[in-house]
Amino acid sequence: MDLSLPDVRGMTELDRAKFTKEVTVPSVEIQSKNVGKSMSVFKKYLLKMEKLKPVTEVQGNDERRKLLLDPILFDTLDKLREDDQQKLSELDVNKNSFSNTCLHLEYHNFRMDDVFKAVLPEGKEGCTSYSRIGHIIHLNLRDHLLPYKNLIGQVLVDKLIGVKTVVNKSSAIDSTYRNFQMEVLAGEADFITEVKENLCTFKFDFSQVYWNSRLCTEHERIIKLLPQKSVLFDVFAGVGPFSVPAAKIRKCRVFANDLNPLSYYWLKENVRLNKVENIETFNLDGRRFIREQMPPFLLARPTEPIHVTMNLPALAVEFLDAFIGLLSGVELDLLLDITVHVYSFCEESSAFSEMRTKVESALKHSIENEQIVELVDVRDVSPKKHMLRLSFRIPPDVLTKAAEEETSSEPKRLKLDLETQDR
C-alpha cells in the first residue's frame, strides 16, 4: 500500500489538511456470526492504521461484515495455506467473497512514523529516538531536523497518548547544579511531572533537576546489588532514583545528598510521596557530605554492609579523594565492608583500563583485583564515549591514611555538552 504524500515533503509547520490520500486495499465479506471463527486465519492480515477499524459493517446488510486486509501482507486466497483455505471454505468464504475497497485516509489515520517519513528530508536520519518523562517528551534533535522542530513537536503531541509537552535540549549548559536548558516545541510549558520506576513514584520539575529515563536499568541493577537492610550513602542523589527504592524495596538505611536545592526539595518530596521513613536527606557539596556524615557512622562500628553511590559521571571520580584519611588515626579493629559505585565517562577504545586508572589516581592507591566487584559499561553516550561504573571495595589503607591538606569543597562550574550530562 502506497502511503507516500509528495505534497507534504519539506513541510515545516504542520498542516493536517494536506495529509489526505485515497488507497485501495483488499477486503473480504463474511457472515457476522463467523467473524470470530475467521480470525484464526485473518487476524495476522488485518489492516492496522490509526483510528481505522479493520472490521466494518456492510452497508444495507446487518448479517455481514467486511474485513479490511493489509495489501502488503495479504495477496490472494490461493496463496493461503491449504488448511487455512479449508477453514474458510467451511465458513462459506470463497474467491467471490473478496474484493477491493477504496479508503479515504486523513491525518488522524497516519502513524507518527508515516508522517515523519513523508515530511522529513530523504536520505537523512529521521526523528528516531526520544525520551519520555511522564507527560513530557525530551528530544535531542540533530541540526538537519531543527527547521522541522515545531512540526515534530506537534506530531508527537498528536500521536502519543498522554503527552502534553515536547521539549528539545539546548546544546550546552553552564550551571553548578546542571539545570537542564530546554526549548518547548509543542504543548504546555508544564514541567512538573511524575515517573514510575522500580515500584516507586518520582515527582519533580524537569526544567530544574536532572532525570534520565535511559538510566532506569542501571538504577534497578544497583538496587539489586544492595543487600537487605544494608546502608546506602547516596552522594549525588538527585531526586532519589537510587535512594528511594533502596529504602522502600531493600529496607536500607539511607543517607541521601544533593547540592542542588531544587533536587533536594524534590528528593524530600519523593521520600514523603513513597512513604519511606528510613532516609536522612542533606543539601551539601558531595565532598563535604562524605567527610562530615560518614565518619560518625563508621566510628560506631556498624556491622551492616555499606554502599556508596556516586552518580555524577562528569565529576564523581574527583570526589573520591574525600575518602583519603576519612578515618585517619583510627585503628580499625573491625574490617569495614564499604562498596563504592562510582561513574565516569571514558573513551570507547580504552574504557575499562581508563576507568580503573582514574579511580586509582583519585584514591592515590591501587585497587586489587579481588577488591573489584564489577566494571559495567552502563550506556553509550556517543559513538566514542561510554558511561561506565566501577564498583569496588574501598581499601582500608585509604581510609586510615594520614590526613593531608584538605581539598577545597567549593563546587566546580563546568560548561559541558548535554550529551555528557547523565546521572
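The values are calculated or read from the model by the stated rules, or taken from the named source; none is laboratory data. None of the values given here were measured: they were computed from a predicted structure. Positions of Cβ are generated from backbone atoms using ideal geometry, with glycine treated the same way; all protein chains shown enter the neighbour counts. Calculation scope for accessible area: heavy atoms of the full protein, side chains included, ligands and nucleic acids excluded. Shrake-Rupley method; radii C 1.70, N 1.55, O 1.52, S 1.80 Å.
Search the range 7-22 for residues being of a type in the set (A, V, I, L, M) and over 24 Å from residue 102 (Cα atoms), and hand back the single one that is surrounded by the most Cβ atoms within 10 Å (Cβ to Cβ). Step through it out loud before you land on a result.
Step one: of the range 7-22, the residues of a type in the set (A, V, I, L, M) are 8, 11, 14, 17.
Next, only the ones that are over 24 Å from residue 102 (Cα atoms) stay: 11, 14.
Numbers: 11: 17, 14: 22.
Selected residue: 14.
Check the range 109-124 and report whether any residue there is among the small types (Gly, Ala, Ser), in contact with a Phe, Trp or Tyr (Cβ under 6 Å, 6 or more places away or on another chain) and part of a loop (DSSP other than H, G, I, E, B).
First, the residues of the range 109-124 that are among the small types (Gly, Ala, Ser): 118, 123.
Next, only the ones that are in contact with a Phe, Trp or Tyr (Cβ under 6 Å, 6 or more places away or on another chain) stay: none.
There is no residue in the range 109-124 that is among the small types (Gly, Ala, Ser), in contact with a Phe, Trp or Tyr (Cβ under 6 Å, 6 or more places away or on another chain) and part of a loop (DSSP other than H, G, I, E, B).
State whether the residues of the range 39-51 include one that is touching a Pro at 6+ places or on another chain (Cβ under 6 Å), open to solvent by 40 Å² or more (accessible area, probe 1.4 Å), within 25 Å of residue 88 (Cα to Cα) and not in a strand (DSSP E or B). So that I can check it myself, show each step before the final result.
Going through the range 39-51, the residues touching a Pro at 6+ places or on another chain (Cβ under 6 Å) turn out to be 46-47.
Those left that are additionally open to solvent by 40 Å² or more (accessible area, probe 1.4 Å): none.
No, the conditions are met nowhere in the range 39-51.
Within the range 23-35, track down each residue that is part of a helix (DSSP H, G or I) and open to solvent by 60 Å² or more (accessible area, probe 1.4 Å).
Correct list: 33 only.
Just to check your reading of the model, which residue among 101, 56 is farther than 30 Å from residue 181 by Cα, open to solvent by less than 70 Å² (accessible area, probe 1.4 Å), part of a strand (DSSP E or B) and in contact (Cβ under 8 Å) with a residue 60 or more places away in the chain? I'd like the intermediate steps shown before the answer.
Working: 56 fails: in contact (Cβ under 8 Å) with a residue 60 or more places away in the chain.
Just a single option satisfies the conditions, and that option is 101.
Scan the range 361-395 residue by residue and report those that are under 17 Å from residue 315 (Cβ atoms) and open to solvent by 40 Å² or more (accessible area, probe 1.4 Å).
Narrowing the range 361-395 to residues under 17 Å from residue 315 (Cβ atoms): 361-363, 378, 381, 385-390.
Within the range 361-395, 361, 385 qualify.
Looking only at residues that are open to solvent by 70 Å² or more (accessible area, probe 1.4 Å) and either under 37 Å from the mean Cα position of the chain (by Cα) or touching a residue at least 12 places away in the same chain (Cβ under 8 Å) (or both) in the range 79-98, which one is nearest to residue 18 (Cα to Cα)?
Checked the range 79-98; the qualifying residue nearest to residue 18 (Cα to Cα) is 95.
I'm told residue 366 meets every condition in (1) over 17 Å from residue 295 (Cα atoms); (2) part of a strand (DSSP E or B) except one. Can you identify the failing condition by its number?
With respect to (1) over 17 Å from residue 295 (Cα atoms); (2) part of a strand (DSSP E or B), residue 366 is out only on (2).
Yes or no: the range 228-245 includes at least one residue that is within 29 Å of residue 346 (Cα to Cα), of a type outside the set (Val, Ile, Thr) and open to solvent by 10 Å² or more (accessible area, probe 1.4 Å).
yes
Take the range 69-78 and flag every residue that is out of contact with any Lys or Arg (no Cβ under 8 Å at 6 or more places or on another chain) and either closer than 20 Å to residue 32 by Cα or surrounded by 14 or more Cβ atoms within 10 Å (Cβ to Cβ) (or both).
69, 71, 74, listed by residue number.
Quick check on the range 115-135: of everything there that is touching a residue at least 60 places away in the same chain (Cβ under 8 Å) and in contact with a strand residue (DSSP E or B) (Cβ under 9 Å, 6 or more places away or on another chain), which residue is surrounded by the most Cβ atoms within 10 Å (Cβ to Cβ)?
Filtering first and then ranking leaves 134.
For a quick check of your reading of the model, give me the residue pairs whose first member lies in the range 18-30 and is closer than 16 Å to residue 52 by Cβ and outside the structural domain of residue 53 (by the TED database), whose second is among the basic types (Lys, Arg) and in a strand (DSSP E or B), with beta-carbon atoms closer than 9 Å and at least 6 apart or on different chains.
Every condition considered, no pair remains.
Return yes when residue 193 is surrounded by fewer than 23 Cβ atoms within 10 Å (Cβ to Cβ), in contact with a His (Cβ under 7 Å, 6 or more places away or on another chain) and outside any loop (DSSP other than H, G, I, E, B) and no when it is not. So that I can check it myself, show each step before the final result.
Numbers: surrounded by fewer than 23 Cβ atoms within 10 Å (Cβ to Cβ): yes; in contact with a His (Cβ under 7 Å, 6 or more places away or on another chain): yes; outside any loop (DSSP other than H, G, I, E, B): yes.
It is true that residue 193 is surrounded by fewer than 23 Cβ atoms within 10 Å (Cβ to Cβ), in contact with a His (Cβ under 7 Å, 6 or more places away or on another chain) and outside any loop (DSSP other than H, G, I, E, B).
Anything in the range 142-157 that is touching a helix residue (DSSP H, G or I) at 6+ places or on another chain (Cβ under 8 Å) and open to solvent by 20 Å² or more (accessible area, probe 1.4 Å)? List them, or say none. Reasoning before the result, please.
Of all residues in the range 142-157, those touching a helix residue (DSSP H, G or I) at 6+ places or on another chain (Cβ under 8 Å) come to 145, 148, 151-152, 155-156.
Scanning the range 142-157 gives a single hit, 148.
Sort out which residues of the range 125-170 are hydrophobic (A, V, I, L, M, F, W, C) and assigned to a loop (DSSP other than H, G, I, E, B), and write them in order of number. Before the answer, list the steps.
First, pick out the residues of the range 125-170 that are hydrophobic (A, V, I, L, M, F, W, C): 127, 133, 136-137, 139, 141, 145-146, 151-152, 155-157, 160-161, 163, 166-167.
Correct list: 127, 141, 160, 161, 163.
Using the structure shown, decide if residue 68 is closer than 30 Å to residue 154 by Cβ and aliphatic (A, V, I, L, M).
Details: closer than 30 Å to residue 154 by Cβ: yes; aliphatic (A, V, I, L, M): yes.
Here the answer is yes, as residue 68 does meet what is asked.
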